[in-house]
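These notes are about the structure you will find just below.
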Amino acid sequence: MRLYNTMSRSVEEFESIEDGHVGMYCCGPTVYNFAHIGNLRTYIFEDILKKTLKLNGYEVRHVMNITDVGHLTGDGDDGEDKMNASAKREGKSVWDIAAFYTDAFMNDISRLNIDRADIICKATDHIADMIEVIRILEKKGHTYVSGGNVYFSIDTIDDYGKLARLNLDELREGARIEVDSFKKNPKDFVLWFTNSKFKDQVMTWDSPWGRGYPGWHIECTAMSMKYLGSQFDIHCGGIDAIPVHHTNEIAQSEAATGLKPWVKYWCHGEFLINDKGKMSKSSGEFLTLESLIRKGYDALDYRYLCLGAHYRSQLKFSYEALDHAKSARAALTEKIKALKAEAEEASELHSENAKKYKMEFIDAVSNDLHTPQALAVMHSMLKDGSVSSAEKLNLIRFFDSVLSLSLDRIEKEERVGSDEDIALLNERAEAKKAKNYQRADEIRAILAERGYSIKDTPNGSFLVKNL
């Protein structure tokens, strides 16, 4: 299995720290609003990664956080806490906001066939763990208190910004410009806020530095290490997390443990874009999964759309593109219905071509999650007459263990009609092959008088009883 590692900017052979086991941490949602479909694209990519790891025989321990405090309206240390702002906007308590949008997110990932993380941890349940990490950093000389807040000093480490490939000399030059008067360096970041700076914060806790609340970045460090250990295999998120959030996570985590690398592989999903650029909540214009469903699309139409693009390429969203995905998924459904009508159940793979398609699929998804190629393998297999219908059903079930399009839940196409009716249907097929379209039309008319319409599919024709 091969994965693109953002740290090295290259595709690498994947080797887990512990043989056969993978620790994977994924940045979860900040639950102050609905997830937009761009956010959900990242969770689809992470789901494909997890299922591909399992396909390759790994046991995966998947941890995802729920940020319900500490994420400010600016991804640095500026602005108001997003939970606070949402509570004011909607006239609800921050706790009600967190509960409502967490449930909405879980419903979205369920509809997209995204497997839930093995451990879902809320920031507000892990305040003590965050305080403990900050205390360790303090003892090691990586922090300072200014204006009542505890800051991490990036000048206490020699490789700050290595994930984003930031230039430290340029950062130190920038330190002459005061962005936050409390900071020694503009790239320093807050580990713990106190009331001295944010008087109206609702969620606060006692700490050695005063009553307050944690910074956003310390949450992921504390929770990932609590459940995955001081070093683990994979950390995932969207590419927008690279320059600030993930950069700061690495700085504080490696400073606290003294171990490098903290994470072996960094995996990031590209943006979903529209005509205006990156889809984001800050613009106030974003699409939710529910909004697509209200327009008549299925959640799996959107998943199919995402599978058609590599996770590291930008995907431009349009309703035209979604229509194409919907049509393609509908055609796939019809093919599988026909297969299930032809074969009572899936069989073992006997033909060499069937075995070849299985290996090609494994190779595609194991090559840095190349889902467009995996879809192409599936469609080629369905068209291949040398592979039996029973073998095709076996392969569909196998492919769907990663694609998760609910292909195995599709009901078979029910065949109707008497033996005489079926004989007429077969005669029509032969007439069409012989280009005797007049006889084919005559048979269609006869069957119509008997109360049937004919459904033509790539896998044959079927009678449908008219209501």
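The values are calculated or read from the model by the stated rules, or taken from the named source; none is laboratory data. What you are looking at is a predicted structure, and each value in this text was computed from that prediction instead of being measured. Because the Cβ atoms are built from the backbone with ideal geometry, glycine has one as well, and the counts that use them run over all protein chains shown. Note: areas computed on protein heavy atoms with side chains; ligands, DNA, RNA excluded. Shrake-Rupley method; radii C 1.70, N 1.55, O 1.52, S 1.80 Å.
Rounded to the nearest 5, what % of the DSSP beta bridges within the chain are antiparallel ones?
Working: 25 of 48 bridges.
Antiparallel bridges: around 50 percent, rounded to the nearest 5.
Counting only lysines at least 8 places from K295 when in the same chain, those with an alpha carbon closer than 19 Å to its own are K316, K326.
Indicate the gyration tensor shape class of the range 277-409 (rounded, prolate or oblate), computed on the Cα atoms with a ≥ b ≥ c the square roots of the eigenvalues: a/c under 1.5 is rounded; otherwise a/b larger than b/c is prolate and the rest oblate.
Numbers: a/c = 2.98, a/b = 1.81, b/c = 1.65.
It comes out prolate by the Cα gyration axes.
With both residues required to sit in the range 16-94, DSSP beta bridges show an antiparallel share near 20%.
Annotation: amide H-H contacts under 5 Å for H310 (H modelled 1.01 Å from N, sequence separation of 5 or more, or interchain): none.
Distance between the modelled labels on E344 and T73, one decimal in nanometres: 6.6 nm (7 Å Cα→Cβ projection).
Principal-axis analysis of the Cα atoms of the chain puts helix 389-403 at an angle of about 20° to the longest axis.
Between I422, Y437, L463, the Cα set farthest toward the positive side of the dipole of the range 419-465 (charges on each charged residue's Cβ, about the Cα centre) is that of Y437.
Extension gain for E320-E18 works out to 104.2 nm (0.36 nm per residue, less the C-alpha to C-alpha distance). Where in the range 244-279 does the label zone of A164 land, with the point 7 angstrom along Cα→C-beta and an amide N cut-off under 11 Å? Once the point is set 7 Å along Cα→Cβ of A164, 244-249 turn out to lie under 11 Å by backbone N, inside the range 244-279.
Averaged over its residues, the range 2-269 has an accessible area of 39 Å² per residue, based on protein heavy atoms and a 1.4 Å probe. The packing ranking, built from the mean of other Cβ atoms within 10 Å per residue, places the peptides 45-52, 251-258, 395-402, 136-143 in the order 45-52, 251-258, 395-402, 136-143, highest first.
Entry comment: accessible area of the range 277-409 is 44 Å² per residue, from protein heavy atoms only and a probe of 1.4 Å. Within the accessible surface of the chain, defined with a 1.4 Å probe on protein heavy atoms only, the carbon and sulfur portion equals 48 percent.
Would you mind getting me the FRET efficiency between N426 and N56? Use the beta-carbon distance for r and R0 = 30 Å, nearest 0.05. Let's see the in-between values first.
Details: r = 45 Å, r/R0 = 1.50.
Calculated value: 0.10.
Taking Cα centroids, how far is the range 414-451 from the range 341-376 in Å? Cα centroid to Cα centroid, the span is 34 Å.
Relative to the longest principal Cα axis of the chain, at what angle does helix 94-111 sit, 0 to 90 degrees, rounded to 10? Between helix and principal axis, roughly 30 degrees. Each label was represented as a point 7 Å from its Cα along the Cα-to-Cβ direction; for I293 and H379 these points are 2.8 nm apart. Solvent-accessible surface of the range 419-465, averaged per residue with a 1.4 angstrom probe and all protein chains in place: 63 square angstrom.
How high is the FRET efficiency between K356 and A328 when r is their beta carbon distance and R₀ equals 22 Å, given to the nearest 0.05?
Numbers: r = 23 Å, r/R0 = 1.06.
After rounding to 0.05, the efficiency reads 0.40.
Here are some values of Cα extents along the principal axes in Å: (1) 72, 56, 40; (2) 75, 50, 35; (3) 89, 49, 35. Which one was computed from this structure? Only one option fits the structure, namely (3). In the structure shown, the pairs K50/K140; K358/K433; K122/K162; K356/K435; K335/K355; K162/K226 are assessed against 26 Å; a Cα-Cα span above that value is assigned to K50/K140; K358/K433; K122/K162; K356/K435. What is the distance in Å between the Cα centres of the range 231-302 and the range 1-74? Taking the Cα centre of each part, the range 231-302 and the range 1-74 sit 9 Å apart. Rounded to the nearest 500, the helix-only mean residue ellipticity at 222 nm of the chain stands at -13500 deg cm²/dmol, with each DSSP H run of n ≥ 4 adding -39,500 (n - 2.57).
I want the local charge near Q373. Using Cβ-Cβ distances under 11 Å, sum +1 for each Lys or Arg and -1 for each Asp or Glu among the other residues.
Numbers: positive: none; negative: E360, D363, D368.
Summing Lys and Arg as +1 and Asp and Glu as -1 gives -3.
Using only Cα atoms, tell me the angle between helix 216-228 and the longest principal axis of the chain; keep it within 0 to 90° and round to the nearest 10. Computed tilt is about 70 degrees. Take each peptide in 24-36, 238-250, 94-106, count the other Cβ atoms within 10 Å of every residue, and average; sorted highest first, the result is 24-36, 238-250, 94-106.
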